[in-house]
Amino acid sequence: MLLVGLLTGCATNQAANPNLLKFIEDGKTKRVEVLLQLGQPSAAYEHQMVLTYRLSEDPHRGYYLIVPNTAQAWQNVQYSLVLVFDDQGVLQRHNLVPVQ
């Protein structure tokens, strides 16, 4: 229950942060760390092996999450963060893809 509460709390935080993605490192970051830092992903594929997040960026204040369960889920989305994990839940690769 505590983990669900933490994840829900993180998912609603939309404050811009220049360090929001600094913790992400291929070969080191674990899926649980991503979930605790970024909250619920906008989508998950391949049995949670691929997670995606919707992001926007304020050039002066940094990146911020777009909450996927709102009526304006794609409004103001500039990027899709794609994270690919291995069987042990360790990040293998990630990419910040511009949304067009």
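Take the conditions (1) under 13 Å from the mean Cα position of the chain (by Cα); (2) in contact (Cβ under 8 Å) with a residue 24 or more places away in the chain; Asp58 misses just one of them, which is (1). Within the range 29-53, the set of residues being in contact (Cβ under 8 Å) with a residue 60 or more places away in the chain and loosely packed, with under 14 Cβ neighbours inside 10 Å comprises Lys30 only.
Among the residues of this structure, Ala44 does not count as one that is among the small types (Gly, Ala, Ser) and modelled with pLDDT under 95.
Out of (1) part of a helix (DSSP H, G or I); (2) within 18 Å of Ala16 (Cα to Cα), the odd one out for Ser56 is which? Unmet condition: (1).
I'm trying to understand the selection: among the residues of the range 66-78, which are out of contact with any Ser or Thr (no Cβ under 8 Å at 6 or more places or on another chain) and either modelled with pLDDT of 70 or more or surrounded by 11 or more Cβ atoms within 10 Å (Cβ to Cβ) (or both)?
Restricting attention to the range 66-78, the residues satisfying the condition of being out of contact with any Ser or Thr (no Cβ under 8 Å at 6 or more places or on another chain) are 69-72, 74-75.
Thr70, Trp74, Gln75 - these are the residues of the range 66-78 that are out of contact with any Ser or Thr (no Cβ under 8 Å at 6 or more places or on another chain) and either modelled with pLDDT of 70 or more or surrounded by 11 or more Cβ atoms within 10 Å (Cβ to Cβ) (or both).
Do we find that Leu21 is in contact with a helix residue (DSSP H, G or I) (Cβ under 9 Å, 6 or more places away or on another chain) and either at pLDDT below 95 or buried (at least 16 other Cβ atoms within 10 Å of the Cβ) (or both) in this structure? In short, yes. Here Val97, Val77, Val67 are screened, and the one residue that is part of a loop (DSSP other than H, G, I, E, B) and touching a strand residue (DSSP E or B) at 6+ places or on another chain (Cβ under 6 Å) is Val77. The set of residues in the range 44-89 that are within 18 Å of Val34 (Cβ to Cβ), out of contact with any Asp or Glu (no Cβ under 9 Å at 6 or more places or on another chain) and of a type in the set (A, V, I, L, M) comprises Ala44, Val50, Leu51, Leu55, Leu65, Ile66, Val67, Leu81, Val82, Leu83. Selection of first residues in the range 80-94 that are on the phi > 0 side of the Ramachandran plot and of second residues that are surrounded by fewer than 17 Cβ atoms within 10 Å (Cβ to Cβ), restricted to Cβ pairs under 6 Å at least 6 apart or on distinct chains, gives the following pairs, ordered by first then second residue: Gly89/Lys30.
The values are calculated or read from the model by the stated rules, or taken from the named source; none is laboratory data. These numbers were taken from a predicted model, which means no experiment stands behind them. Note: ideal-geometry Cβ built from the backbone for every residue, glycine included; neighbour counts use all protein chains shown.
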